[in-house]
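Q: Following this message is one structure expressed as structure tokens.
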Amino acid sequence: MKYISTRGACAPQSFADVVLTGLAPDGGLFVPEHIPQFSIDEIASWRGLSYEELSFRVMAPFVADDIPEVKLRQIIADAYSSFRHRAIAPLVQTGTNEWVLELFHGPTLAFKDFALQFLGHLLDYLLEQRQQKVVIMGATSGDTGSAAIEGCRRCSNIDIFILHPHQRVSEVQRRQMTTVVDSNIHNIAVEGNFDDCQNMVKSSFGDQAFLPQGRRLVAVNSINWARIMAQIVYYFWAALSVGGPRRRVSFSVPTGNFGDIFAGYLAQKMGLPIDRLVIATNANDILHRCISGNDHSKQALVHSLSPSMDIMVSSNFERLLFDLYDQQGNAIQQLMDRFASTGKFELDEAALRRVRGLFASCRVDDEQTVAAIHDEYTSSDYLLDPHSAIGLHAGRQCRVSAEQPMICLATAHPAKFPDAVRKAGYPHTPELPQHMADLFDRDERFDVLPNDLSAVQSFIASKVSVL
Ligand SMILES: *Cc1c(COP(=O)(O)O)cnc(C)c1O
């Protein structure tokens with residue numbers, strides 16, 4: 001399988017090359033040249049498979065030429081062995097024909113573990129094959145950093161540097177990163193905000209001359225195709241669990257960068273009968289404004305109770321636009337140019353009609369978020385984190401029918417966001433699972449650096465192991 005850029009101006013590349021870079025050289029995002037198709041009968045025959053075996057069936061066609069079957073199976077088995085639930089992704093029924101898909105049983109208690117545990121083992125394999133070492137550099141406002149660190153901590157061919165804004169991430173989130181003390185893990189607290197961190201990462205990808213010779217940067221944010229690919233699996237898993245594929249289903253997805261929900265879109269294209277995908281946003285609602293009123297315009301960032309969805313622009317939306325515009329790379333280039341110069345664009349009629357055929361959207365502000373958390377634990381003793389609460393609330397607003405299953409993705413464990421849970425009136429501090437109960441007693445290791453690109457880059461150059 002080859003991968004092409006959404007801007008249409010670079011040669012097709014292999015799976016391995018795509019995973020080991022970030023953006024395409026023309027500034028676009030990589031997507032598969034064609035999408036594997038499964039018949040209803042084939043999907044139906046997967047009922048009863050383990051999560052790992054299902055992962056293999058769904059992902060194999062995407063990587064076929066680059067990884068032997070036994071290796072792919074091993075990578076999958078290793079990735080999901082760190083999850084602390086036998087079902088990996090259990091479903092909890094929260095209403096009539098309504099389920100929550102719990103995606104927070106991985107090592108860092110957020111759904112990003114599904115992709116980053118897989119990516120860590122995948123990179124380890126690919127780098128071992130090529131006898132290469134790489135540097136991972138990423139910026140985080142919370143969940144991505146810890147999930148990336150947990151995914152890569154045992155990879156001897158990777159040095160990982162995660163930038164977070166000093167004193168601006170929650171204590172649970174910081175400790176999940178800084179208490180991992182393996183020698184290839186480096187946490188940098190930047191004396192600036194999240195945008196400063198992200199800009200430093202972007203500039204560093206643009207000019208990698210600061211790295212020791214022979215090293216290059218690999219991206220672990222959701223522009224990395226392997227992350228999206230691993231997330232397709234749980235859409236099949238959930239649908240099969242509630243009567244699919246013969247029974248059609250819908251999903252509601254708390255959305256930030258549009259990575260998770262784009263995986264749902266791909267599942268649908270691969271043949272899974274999904275009627276509706278609900279884009280659930282917080283007050284940072286660029287996608288909701290785009291779908292409901294054709295207003296894709298940048299607005300000031302709002303700091304919400306669901307910080308992992310606090311984004312101004314969703315980078316993976318470009319992957320959907322590429323399909324909405326018949327895979328015309330030059331049309332995407334034009335839209336993106338317009339967006340860069342004016343801060344907004346509008347979809348044409350055909351594109352708008354298409355996107356509305358599958359997607360619905362709902363904006364859920366902080367007040368509605370805490371109300372949703374409160375309602376759920378008072379009516380059924382089920383405690384939601386703020387991101388998952390947004391998904392459930394939006395799912396209820398956007399039902400196709402009372403009979404059709406609505407599956408709402410729960411993307412984080414409530415103990416990661418104790419402040420929001422307390423604001424919702426919950427009378428206790430939500431408890432961390434047993435394996436993390438001593439998080440607040442563990443030693444931390446991180447370096448505080450000034451908000452200065454060259455300081456950060458020289459720090460990285462000095463820490464990259466040269467062996
Ligand atoms: C990252 C994240 C999201 C948003 O996922 P996207 O793929 O960026 O849309 C939602 N909830 C939680 C808890 C997250 O960590």
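Q: Take the alpha carbon atoms of the range 29-60, find their center, do the same for the range 326-346, and report the distance between the two centers in whole angstrom.
A: So the separation of the two Cα centres works out to 32 Å.
Q: In Å³ and rounded to a whole number, note down the convex hull volume per residue for the Cα atoms of the range 75-208.
A: Hull volume normalised by residue count: 136 Å³.
Q: What number results when the radius of gyration of the range 120-269, computed over Cα atoms, is divided by 2.2 N^0.38 Å?
A: On the way: Rg = 17.5 Å, N = 150, 2.2 N^0.38 = 14.8 Å.
Compactness ratio reported: 1.18.
Q: What chymotrypsin sites (Phe, Trp or Tyr not before Pro) in the range 336-384 are in a loop by DSSP, with at most 13 other Cβ atoms within 10 Å of the Cβ?
A: In loop regions of the range 336-384 (DSSP not H, G, I, E or B), there are no sparsely surrounded chymotrypsin sites (Phe, Trp or Tyr not before Pro).
Q: Convex hull over the Cα atoms of the range 84-141, averaged projected area in nm²?
A: Working: hull surface 24.0 nm².
With the hull built on Cα positions only, its mean projection is 6.0 nm².
Q: Continuing with this model, one more query. Taking 20 °C and 1.002 mPa s as the conditions, I'd like the Stokes-Einstein D for the range 132-193 in µm²/s, using the Kirkwood hydrodynamic radius from alpha carbon pairs. Could you put the intermediate results ahead of the total?
A: Details: Rh = 11.5 Å.
In µm²/s, the coefficient rounds to 186.
Q: Which value in Å is the Kirkwood Rh of the range 27-148 over different Cα pairs?
A: Mean inverse Cα-Cα distance, inverted, gives 16.6 Å.
Q: For the chain, report the accessible area per residue in Å² (1.4 Å probe, heavy atoms, rounded to an integer). Numbers along the way, then the final one.
A: Details: 18090 Å² over 467 residues.
About 39 Å² of surface per residue is accessible.
Q: Counting alpha carbon pairs within less than 8 Å and at least 6 residues apart, what relative contact order, in whole percent, applies to the range 346-467?
A: Details: 94 pairs, mean separation 23.9, N = 122.
Value for the range 346-467: 20 percent.
Q: May I pose another question? With only Lys, Arg, Asp and Glu charged, each at its Cβ (+1 for the first two, -1 for the last two), find how big the charge dipole of the range 291-427 is about the Cα centre; round to the nearest 20 debye. Can you show the working numbers first?
A: Values: 13 positive and 18 negative charges, 14 e Å.
The calculated dipole for the range 291-427 is roughly 60 debye.
Q: Leaving out ligands, DNA and RNA, what percent of the accessible area of the range 328-467 is carbon and sulfur, probe 1.4 Å?
A: Values: 3410 of 7110 Å².
Result for the range 328-467: 48 percent of the exposed heavy-atom area is carbon or sulfur.
Q: Could I ask something else about it? Quick check: at a probe of 1.4 Å, how many percent of the accessible area of the range 179-255 sits on carbon and sulfur atoms?
A: On the way: 1120 of 2520 Å².
The value for the range 179-255 is 44 percent carbon and sulfur by accessible area.
Q: Treating each Cα of the range 216-269 as an identical point scatterer and ignoring solvent, apply the Debye formula and state log10 I(q)/I(0) at q = 0.26 Å⁻¹.
A: -1.03
Q: Moving on. Need one number: % antiparallel among DSSP beta bridges in the chain, to the nearest 5.
A: Once the DSSP bridges in the chain are tallied, antiparallel ones form about 25 percent.
Q: Cβ neighbours within 10 Å, averaged per peptide: list 206-213, 148-155, 186-193 in order, most packed at the top.
A: Numbers: 206-213: 12.0, 148-155: 23.8, 186-193: 19.9.
Top to bottom by mean Cβ count within 10 Å: 148-155, 186-193, 206-213.
Q: How big is the dipole moment of the range 347-434 about its Cα centre under a simple scheme where the beta carbon of each Lys and Arg is +1, that of each Asp and Glu is -1, and everything else is neutral? Debye, nearest 20, please.
A: Approximately 280 debye in magnitude.
Q: Another question, then. At 20 °C and 1.002 mPa s, grab the translational diffusion coefficient of the range 245-379 from Stokes-Einstein with a Kirkwood Rh over Cα pairs, rounded to a whole number in µm² per second. It would help to have the intermediate numbers written out before the result.
A: Numbers: Rh = 15.8 Å.
Answer, rounded: 136 µm²/s.
Q: Would you mind calculating the relative contact order of the chain from Cα pairs under 8 angstrom and at least 6 residues apart, reporting the percent as a whole number? Intermediate results must be reported in sequence, preceding the final value.
A: Working: 890 pairs, mean separation 88.5, N = 467.
Relative contact order for the chain comes out at 19 percent.
Q: Here's something else I'd like to know. If you average the C-alpha positions of the range 373-449 and of the range 117-189 separately, how far apart do those two centres end up, in angstrom?
A: Here the answer is 24 Å between Cα centres.
Q: Rounded to the nearest angstrom and ordered from largest down, what semi-axes does the equivalent ellipsoid of the chain get from its C-alpha gyration tensor (root of 5λ)? Show your work: numbers first, answer last.
A: Working: eigenvalues 184, 142, 113 Å².
That gives 30, 27, 24 Å for the three semi-axes.
Q: Among Ile460, Val180, Phe104, whose Cα sits farthest toward the positive end of the charge dipole of the chain (+1 at Cβ of Lys/Arg, -1 at Cβ of Asp/Glu, about the Cα centre)?
A: Value: Phe104.
Q: Quick one: Debye curve from the alpha-carbon atoms of the range 348-457 only, equal weights, vacuum; give me log10 I(q)/I(0) at q = 0.14, 0.16, 0.24 Å⁻¹ to two decimals.
A: -0.76, -0.85, -1.27
Q: Please state the equivalent ellipsoid semi-axes for the range 1-99: what are the square roots of 5 times the Cα gyration tensor eigenvalues, largest first, in whole Å? Don't skip to the answer; put the middle values down first.
A: Working: eigenvalues 181, 60, 47 Å².
Ellipsoid half-lengths, sorted descending, are 30, 17, 15 Å.
Q: Which value at 222 nm does the chain reach when only helices count, each DSSP H run of 4 or more adding -39,500 (n - 2.57), with the total divided by all residues and rounded to the nearest 500 deg cm²/dmol? Intermediate results must be reported in sequence, preceding the final value.
A: Working: 18 runs with 197 residues, N = 467.
Rounded to the nearest 500, the figure is -12500 deg cm²/dmol.
Q: Just need the relative contact order of the range 306-396 here, percent rounded to a whole number, with Cα pairs under 8 Å and 6+ apart. Please report the intermediate quantities before stating the final value.
A: Values: 45 pairs, mean separation 22.0, N = 91.
Over the range 306-396, the number comes to 24 percent.
The values are calculated or read from the model by the stated rules, or taken from the named source; none is laboratory data. What you see is a predicted model, and the numbers here were worked out from it, not measured in a lab. Every residue, glycine as well, gets a Cβ built from its backbone with ideal geometry; the counts of neighbours run over all protein chains shown. Quick note on the areas: whole protein, heavy atoms, side chains included, nothing else; ligands and nucleic acids left out. Shrake-Rupley method; radii C 1.70, N 1.55, O 1.52, S 1.80 Å.
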